[in-house]
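Undergrad: Below is the structure I would like to discuss, written out as structure tokens.
The values are calculated or read from the model by the stated rules, or taken from the named source; none is laboratory data. From a predicted model like this one, the values you see are computed outputs, not experimental measurements. Cβ sites come from the backbone with ideal geometry, for glycine too, and all protein chains shown count toward neighbours.
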Amino acid sequence: MNCSIYKPGERGCQPDMAFYVGADFQIPPQDNAPIDVNVFGPPTLAVEISGSTFKDDLGAKRLLYERLGVSEYWVVNVAEQDVIAFAVADQRSGEVQMSEALSGLEVSLVEEALRRSQTEDDSTLMRWLMNTLQ
């Protein structure tokens, strides 16, 4: 889902991508209204695609996502084609190499897919990904 999320009393944000994963959440309405995390819960995973905002995404935005209660936060560094993933608990975050939100997906696999996307067509990339995930 691509959305605006907020918590009353906090600054809101618009992650480049946000996902609700699992069965323990209420589906937000399919409209353009900002999602109140006190009503619908925070997204399980928020992703920021960083070009010129890399330092802000690692600093102020990461702290904001901690306060909003997002379970996992990824920063995709476009320039380096790498991913920095953070697991969030108790309004604190720590870097992880394996996703907790996406059932053990290794961050290095996402990085490899990013690198391959620069030189391979979509169907070749998808075949590689499907074979790798089997």
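Undergrad: Suppose we filter Ala89, Ala85, Ala101, Ala79 for residues that are at pLDDT 95 or above and among the hydrophobic types (A, V, I, L, M, F, W, C); which single one remains?
TA: Exactly one residue qualifies, and that residue is Ala85.
Undergrad: Identify, please: which residue in the range 20-35 is touching a strand residue (DSSP E or B) at 6+ places or on another chain (Cβ under 6 Å) and surrounded by 15 or more Cβ atoms within 10 Å (Cβ to Cβ) and is, among those, farthest from Glu95 (Cα to Cα)?
TA: Top of the filtered list is Pro28.
Undergrad: Restricting the search to the range 1-25, which residues are touching a residue at least 60 places away in the same chain (Cβ under 8 Å), in a loop (DSSP other than H, G, I, E, B) and in contact with a helix residue (DSSP H, G or I) (Cβ under 8 Å, 6 or more places away or on another chain)?
TA: Matches in the range 1-25: Lys7 only.
Undergrad: Within the range 60-74, can you find the residues that are surrounded by fewer than 17 Cβ atoms within 10 Å (Cβ to Cβ) and of a type in the set (Lys, Arg)?
TA: Once the filter is applied, which keeps residues that are surrounded by fewer than 17 Cβ atoms within 10 Å (Cβ to Cβ) and of a type in the set (Lys, Arg), the range 60-74 yields only Arg67.
Undergrad: Another question, then. Out of all the residues in the range 117-134, which are surrounded by 12 or more Cβ atoms within 10 Å (Cβ to Cβ), assigned to a loop (DSSP other than H, G, I, E, B) and at pLDDT 95 or above?
TA: Glu120 - this is the single residue of the range 117-134 that is surrounded by 12 or more Cβ atoms within 10 Å (Cβ to Cβ), assigned to a loop (DSSP other than H, G, I, E, B) and at pLDDT 95 or above.
Undergrad: Kindly list, by first and then second residue, each pair from a residue in the range 113-131 that is free of Cβ contacts under 8 Å to residues at least 40 places away in the same chain and closer than 17 Å to Asp82 by Cβ to a residue that is surrounded by 13 or more Cβ atoms within 10 Å (Cβ to Cβ) and of a type in the set (Val, Ile, Thr), limited to pairs with Cβ atoms under 8 Å and residues at least 6 apart or on different chains.
TA: Short answer, once both residue conditions are applied: Leu114/Val76; Leu114/Val83.
Undergrad: In addition: Could you tell me which residue of the range 1-39 is modelled with the lowest pLDDT, considering only residues that are under 12 Å from the mean Cα position of the chain (by Cα) and hydrophobic (A, V, I, L, M, F, W, C)?
TA: Looking at the filtered set, the residue picked out is Met1.
Undergrad: May I ask you to say which residue of Leu114, Leu105 is surrounded by 13 or more Cβ atoms within 10 Å (Cβ to Cβ) and over 28 Å from Asp24 (Cβ atoms)?
TA: From the options Leu114, Leu105, the qualifying one is Leu114.
Undergrad: Can you confirm whether Val88 is without any contact (Cβ under 8 Å) to a residue 60 or more places away in the chain, farther than 30 Å from Arg127 by Cβ, among the β-branched types (Val, Ile, Thr) and not in a strand (DSSP E or B)?
TA: It is false that Val88 is without any contact (Cβ under 8 Å) to a residue 60 or more places away in the chain, farther than 30 Å from Arg127 by Cβ, among the β-branched types (Val, Ile, Thr) and not in a strand (DSSP E or B).
Undergrad: Condition (residue is in contact (Cβ under 8 Å) with a residue 12 or more places away in the chain, polar (S, T, N, Q) and under 25 Å from Glu112 (Cα atoms)) applied to the range 26-37: is it met by at least one residue?
TA: No, the conditions are met nowhere in the range 26-37.
Undergrad: Suppose the filter is surrounded by 14 or more Cβ atoms within 10 Å (Cβ to Cβ), outside any strand (DSSP E or B) and at negative phi; does Asp57 pass it?
TA: Yes.
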